[in-house]
Amino acid sequence: MGFDTLNEPIPEEPVDPNADLSSVLPLTAEIRDGRLWIGGVDMVELAREAGTALYVMDEDQIRHQLREFRKWTTYHWKDVETVYAAKAFTCKEMCRVVHDEGCMILCASGGELAIALAAGVPASRVQCHGNNKTPAEIREAVEARVDRIVADSLLELERISSAAVEAGVKQPVLLRITPGIKPDTHGYIQTGQEDSKFGFGLNHGLAMEAAKRACELPGIDFAGLHMHIGSQIFALQSYTKAIEVMVEFMAEVQRETDCPVRDLDVGGGIGIKYGLADEPSTIEDFGKIVVDGIKHECERHGLAVPRILIEPGRAVVANAGVTLYTVGTMKDVPGIRTYVAIDGGMTDNIRPALYGARYECLVANKADQPRTQVVTIAGKHCETGDLIAKDVPIQDVETGDILAVCATGAYCRSMASNYNQQVRPGVVFVRDGEWRFVVRRETYDDLMRCDVG
Ligand SMILES: Cc1ncc(COP(=O)(O)O)c(C=O)c1O
């Protein structure tokens, strides 16, 4: 579901030119002297000094989100871990911030694990998942002694067990279960339904077979169950329904095996506000629904409440980020639309092309002016679908302006590519009036680093 035909006229929806963008901007965002400031740093000055395209992340907001998840989950039950899903955005400094805030890190690959360990995060605060971990990735995780590996298949259970026996340990493992729930989100980011490449389904006895096998294998310490039903979920009833199914299965496992289910991991997926019309739930509501839901279901089945794990990614970082670009060429197609081209595009933000994702934008050097124009923000790459925002309201924009695209802290840098041999932008953390690169911009030498010809 990328952008459809471009030859259609701009929709005639009324847009409020004075709409307040603060709900999609980082918490510390403010307008001073007509410019956008974040973390006490002037975005126009930052763009001049650090160059564009540039990802900017508000460190205070990242810390705030992590604290909110801890606060509103442990408020309802003492034994809850917030395990930040590194896939949303990771680098060594990000891992340090997560660890410093008392949260764990969830890695989806050997590369994410290597970054977390290189950042100095103890392996006991790291978990690993993925639907097809390579034998090498499994060995690396076992040898590092990570807290949990989430197993996705019987083959993986065997491989984890062998690696653990070889290392002389018993590896704690969670089983990824697909509870058969379809949340209200884009099809590409629904993951908990029966027809999915992930995990063990409940319908054909596969999940129970996996639980029994996990209890028998010599290198496995069967620690519990895991689910992740999707991403950008607004309706919290999807979690309630999935929790009912998971706790029911927990009870069956307790009945049919000797292994107590010590952990129940409900995954991530809590939605965020990309557009002004989006109405995601609060972290407070998420904590209540998930933790109370598990407590209630456990009570109903006469089970002890397990350690609860939550795995937010997007909700920790998305609204903490903006991407800054410099406006280049502009093209007016009479009667159709105006294209405003920037010095980046689908290489630094693939989400509009991939999911039809929508973003709000503003001109950082005209931040106090009304957004009276409607334009389409186009990238610089050789694809018609290389658009960052289609038909968005914006200030009176000109070549040389600094464009800020809001809520780009999640799944933008981490999904970035070098298509057209574009160098990937750096990432700057801002805080208390200071800024620092936590990931530097790539150079042409970086592009050729692996080119051995
Ligand atoms: C297993 C698992 N946990 C957590 C997440 C994080 O999801 P989100 O960023 O939507 O919170 C994902 C994302 O795909 C995932 O696959």
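For the residues G328, G287, the requirement of being among the small types (G, A, S) and outside the structural domain of G199 (by TED's automatic domain parsing) singles out G328. Just one of the listed residues (L113, L174, L157) is modelled with pLDDT of 95 or more, closer than 20 Å to Y84 by Cβ and in the same structural domain as A235 (by TED's automatic domain parsing), and it is L174.
Could you pull out the residue among G130, G168, G102, G120 that is in contact with a Leu (Cβ under 9 Å, 6 or more places away or on another chain), on the phi > 0 side of the Ramachandran plot and not acidic (D, E)? Even if it seems obvious, please write down each step before you answer.
Numbers: G130 fails: in contact with a Leu (Cβ under 9 Å, 6 or more places away or on another chain); G168 fails: in contact with a Leu (Cβ under 9 Å, 6 or more places away or on another chain); G120 fails: in contact with a Leu (Cβ under 9 Å, 6 or more places away or on another chain).
Just a single option satisfies the conditions, and that option is G102.
Only residues that are assigned to a strand (DSSP E or B) and on the phi < 0 side of the Ramachandran plot were counted in region 357-406, giving 21.
If you check M246, M250, which single one turns out to be buried (at least 17 other Cβ atoms within 10 Å of the Cβ), in contact (Cβ under 8 Å) with a residue 60 or more places away in the chain and closer than 23 Å to T73 by Cα? Step through it out loud before you land on a result.
Values: M250 fails: in contact (Cβ under 8 Å) with a residue 60 or more places away in the chain.
None of the other options fit; the residue is M246.
Restricting region 124-143 to residues that are small (G, A, S) and crowded, with 18+ Cβ neighbours inside 10 Å, the residue that is nearest to I308 (Cα to Cα) is G130. Can we say F222 is without any contact (Cβ under 8 Å) to a residue 60 or more places away in the chain, of a type in the set (F, W, Y) and more than 11 Å from P179 (Cα to Cα)? Yes; evaluated as a whole, the condition is true for this residue. Within region 68-90, if we keep just the residues that are surrounded by fewer than 19 Cβ atoms within 10 Å (Cβ to Cβ) and in contact with a helix residue (DSSP H, G or I) (Cβ under 7 Å, 6 or more places away or on another chain), the residue that is nearest to M57 (Cα to Cα) turns out to be Y75. Checked against (1) in a helix (DSSP H, G or I); (2) in contact with a Leu (Cβ under 8 Å, 6 or more places away or on another chain), L354 passes all but condition (2). The test for being in contact with a Gly (Cβ under 9 Å, 6 or more places away or on another chain), over 17 Å from L54 (Cβ atoms) and more than 16 Å from the ligand (Cβ to nearest atom) does not hold for P334. One residue stands out in region 305-324 among those that are more than 16 Å from the ligand (Cβ to nearest atom) and closer than 15 Å to V80 by Cβ: the one that is farthest from the chain's Cα centre (by Cα), namely V305.
Is there a residue in region 409-426 that is in a strand (DSSP E or B), within 21 Å of L36 (Cα to Cα) and in contact with a Lys or Arg (Cβ under 9 Å, 6 or more places away or on another chain)? For region 409-426, residues in a strand (DSSP E or B), within 21 Å of L36 (Cα to Cα) and in contact with a Lys or Arg (Cβ under 9 Å, 6 or more places away or on another chain): present. Scan region 110-152 for residues that are among the acidic types (D, E) and farther than 22 Å from F198 by Cβ and the total you get is 1. Within region 181-236, the residues that satisfy the criterion of being in a loop (DSSP other than H, G, I, E, B), closer than 22 Å to C128 by Cβ, modelled with pLDDT of 85 or more and more than 10 Å from the ligand (Cβ to nearest atom) are K197, L217, P218, G219.
The values are calculated or read from the model by the stated rules, or taken from the named source; none is laboratory data. The structure displayed is predicted, hence computed values, not measured ones. FYI the Cβ positions are ideal-geometry reconstructions off the backbone, even for glycines, and counts take in every protein chain you see.
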